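Peer 1: Please read through the structure below; I'll follow up with questions.
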Amino acid sequence: RAWIVDTEGARVREAAQETGFLRPQEDGSLEMVMCHNTGFAEIWTGEIHPEQPRFEMVTDAVARTATAKEYVAGKRLYGYVNGDLLYAYDMAATGHELQPHTHAQLVRQ
């Protein structure tokens, strides 16, 4: 388990984790199934951009457990830029419209 800790090192809450499967299709479309330890599962659809090393995905379905936060939709963008993987994840949750949630630049060492 991974934990979010405060400045004194005390556990605040369990960190969010996700796992899933990316399913490229012959026509250039993508499907992804994801499951999260925070109580929700998603089905995503998207497309590979043939002219650029990137792909975008949007949620097709979101299912939540009774104790999961209200999360209704998402959008993800992944791109390969100068040898790094960049991603941005927008989320519609807890009564808010789709808005930036997380982003990162993953650098190969």
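The values are calculated or read from the model by the stated rules, or taken from the named source; none is laboratory data. Just so you know, these numbers come straight off a predicted model, no measurement behind them. Backbone-built Cβ (ideal geometry, glycine too); neighbour counts: all protein chains shown. In case anyone asks, the SASA skips ligands and DNA or RNA and just uses the protein heavy atoms, side chains included. Shrake-Rupley method; radii C 1.70, N 1.55, O 1.52, S 1.80 Å.
Peer 1: Please list HIS103, HIS36, HIS96 in order of solvent-accessible area, largest first, computed with a 1.4 Å probe with all protein chains present. Don't skip to the answer; put the middle values down first.
Peer 2: On the way: HIS103 150, HIS36 20, HIS96 100 Å².
These residues rank, largest area first, as HIS103, HIS96, HIS36.
Peer 1: Given the options PHE21, PHE55, PHE40, which has the most mean-square fluctuation in a GNM of the chain, springs set between C-alpha atoms less than 10 angstrom apart?
Peer 2: Judging by the Gaussian network model, the answer is PHE21.
Peer 1: Also, I was wondering about something else. With every protein chain in place, what's the accessible area of MET32 (1.4 Å probe, Å², nearest 10)?
Peer 2: Estimated to the nearest 10 Å², MET32 gives 20 Å².
Peer 1: First check a/c for the chain, with a ≥ b ≥ c the square roots of the eigenvalues of its C-alpha gyration tensor; if it is under 1.5, answer rounded, and if not, answer prolate when a/b is larger than b/c or oblate otherwise. Please list the in-between numbers first.
Peer 2: Values: a/c = 2.05, a/b = 1.34, b/c = 1.53.
In terms of gyration-tensor shape, oblate.
Peer 1: Kindly work out what percent of the DSSP beta bridges joining two residues of the chain are antiparallel, to the nearest 5.
Peer 2: On the way: 49 of 49 bridges.
In the chain, DSSP labels about 100 percent of beta bridges as antiparallel.
Peer 1: If R0 is 25 Å, what FRET efficiency do you get for THR67 and ILE4 from their C-beta distance, rounded to 0.05? Mind showing how you got there, number by number?
Peer 2: On the way: r = 17 Å, r/R0 = 0.70.
Taking R0 as 25 Å, the efficiency between THR67 and ILE4 is 0.90.
Peer 1: Using a 1.4 angstrom probe and counting only protein chains, how large is the accessible area of ARG54 in Å², to 10?
Peer 2: So the heavy atoms of ARG54 present about 70 Å² to solvent.
Peer 1: Same structure, new question: Given springs between every Cα pair under 10 Å in a Gaussian network model of the chain, which of TYR89, TYR71, TYR80 has the largest fluctuation?
Peer 2: Evaluated over the chain, the most mobile residue of the options is TYR80.
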